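Visitor: Got a structure for you, questions after.
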Amino acid sequence: MKKALAYIRFSNEEQGKGSTIKRQRDEITAHVQRNNLEWRDIEDVDTFTDDGLSASKGDHLSGGKLGRLMAEIDAGKYRGSVLVVEKLDRFSRLGIDDTWDLSRRVKKGGLELHLAKAGRVAVSQSKGDIGTTMTNVAESYMDEMYSANLSERVGKAWALKKANAANGIAEINGKKQGIPMTRNTPGWLKIEGRVQVGNKIVEPGRFVEIPEMVRAVRDTFAWASQGLGCRQISRRLISRRLNGPNLSISWVTKTLKNRAVLGWYVPAKGEPVADYFPAIIDQKLFDAARAVAVSKRRDGHYVAGDNRHAKNLFTGLLYDLTAKRSMYYQYGSRGSYIRNDEHSLRYDRFEAAFLRFLTVADWKEIAGETESDEQRATAARLTEIENELGKTKHLVEVKTAAADEETDVAASRFLAAQIGRLEARVLDLEGQKNASALILESAKSKNQALHTPEEMLKLVGQPDLRLRLRAEIRRRIARLDFDFSQGKLPVVFIWFINGSNRALDFRSGEAIPATQRSWERGGELT
């Protein structure tokens, strides 16, 4: 009695949830019984199943159990046995040539291939079976055509769905949305009014917001734009005990990247569809949250750390004018200090005085006092370029007019060569002008932070957002110079990014803002 082994395959997870495995197993078992075969192992360990692997793409061979089974067949492990499959397309949909090669490997390995549903032998060890060969060729061709047509039909169906989604955009409750293509929605939406009869969608329904989840998403973007990290956002959301998805760090990270909050449907292939979902976040807030996220990464790695651990708001800004060396933050059992080997100042006193100064400073006056060195240098260079450009263009006009009136051939050629060089110079100068204008605009945008201190001031007093506050301080403050030349307690010079300055005088034991706006270093303050 010949020994049998079975091979079962289905292409996707949805088929696996249905009856496909049971159907194939029943067909194969019935075939084994009808043909007086016996299983190779009583525990049925020689049933090979590939779940969710395509036979038209060869996935079941490259990464599935059939590939390993064929290798064992090539090695002669199952010689004299019968490999049973439900239908030929369970074995292969690779087309005539590749299916023929697989069949030859089965024959060469000493096995027969039986098709349970058709009740026939597809590969036998007998010679000259032309009828079986022709039948296999015909089935292989039909299976290949079925796979190709199925792929084309599915592609056209999805293209039609996407077109309908884009063309069917309507305004519901004041928000635009498209026709739902599938039951899949973001976690903050659900579909209502969907009617399905059998496999046919009679009424696609419409998207409806889930209020508590929409609030969670909006809070996520608001907190992220303020500099709160994903871990802290997740903790805040979890504390609400919402019914819905796991509001983990991963959920926060993915949500902050998900353009569905803007109403976009972004398929794996093809063009995105705008206004498909109801938008719950505006573009400005989305961009603000993404900008903060990008600022926390260097070379693809997260470097910002936890906001709560930003103990020193002035990293990289502290300098000792008297000792001519930098100062650093040190935390100890007696408190925190700004210090180096020669001088020190209680950190908490300085931070409190500095933040108090930020809230009372006249930012309009600071922003309007002076331009930065970069701005002045770039503006001067831009003026030089514009002057030279004007002169060169004038020379082109003069030379062109002379060439138009010149009758001598040699002189005309000489003038034409000069005009060519001048025109090339004009193009070069225009390129320099555009580049300098961009640099000047960039320099001005840096100083723009001095005109809008509100972003920084609203973070003062929020312990969860200290890292964001530190970043906002660095956008406006160039350095902090500590002058200990007149005693143990310093005068602190605050230099802004546009070159203007202020001072905090700690010499009396209290932090007193100086009334004089500019001074020579080491000079007396008024």
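Bear in mind these aren't lab numbers, they're just calculated from the coordinates by the rules spelled out. Keep in mind that this is a model prediction, so the values were computed, not measured. Note that each Cβ is placed from the backbone with ideal geometry, even for glycine, and that neighbours are counted across all protein chains shown.
Visitor: Given H placed 1.01 Å from N in the peptide plane, which residues other than close sequence neighbours of LEU247 have an amide H under 5 Å from its amide H?
Guide: Counting only residues 5 or more places away or on other chains, the set is empty.
Visitor: Order these by the 10 Å Cβ neighbour count, fewest first: LEU242, LEU382, LEU228. Walk me through the numbers on the way to the answer.
Guide: Working: LEU242 14, LEU382 17, LEU228 25.
So the ranking, lowest neighbour count to highest, is LEU242, LEU382, LEU228.
Visitor: Follow-up. If you build the convex hull over the alpha carbons only and average its shadow over all orientations, what do you get for region 373-451? Give it in nm² to one decimal. If you can, show how the numbers build up before the last one.
Guide: On the way: hull surface 22.2 nm².
If you wrap the Cα atoms of region 373-451 in a convex hull and average its projections, you get 5.6 nm².
Visitor: Next question. Taking θ = phi - 60°, what integer Hz values does the Karplus form 6.51 cos²θ - 1.76 cosθ + 1.60 yield along region 271-287, in sequence order, with x for Gly and Pro?
Guide: 7, x, 10, 7, 6, 6, 9, x, 6, 10, 10, 8, 4, 4, 5, 4, 5
Visitor: Here's something else I'd like to know. Using amide H atoms built 1.01 Å from N in the peptide plane, name the residues 5+ places from TRP39, or on other chains, whose amide H lies under 5 Å from its own.
Guide: Those lying under 5 Å, H to H, from TRP39 are ALA4.
Visitor: Using 23 Å as the Cα-Cα cut-off, could you pick out the over-long pairs in LYS65/LYS108; LYS22/LYS190; LYS190/LYS257; LYS2/LYS117; LYS22/LYS108?
Guide: LYS22/LYS190; LYS22/LYS108
Visitor: Scan around ARG479 for amide H atoms under 5 Å from its own, H built in the peptide plane at 1.01 Å from N, and keep only partners 5 or more places away or cross-chain.
Guide: TRP495
Visitor: What list of ³J(HN,Hα) couplings, whole Hz, do you get for region 474-490 from phi and the Karplus terms 6.51, -1.76, 1.60, once you set θ to phi - 60° and write x for glycine and proline?
Guide: Here the 3J(HN,Hα) series is 5, 5, 10, 9, 7, 6, 10, 9, 9, 10, 9, 5, 10, x, 5, 9, x Hz.
Visitor: Taking θ as phi - 60°, what are the ³J(HN,Hα) couplings along region 68-74 by the Karplus curve (6.51, -1.76, 1.60), each to the nearest whole Hz, with x for Gly and Pro?
Guide: Rounded to whole hertz, the list is 5, 5, 5, 5, 5, 5, 4.
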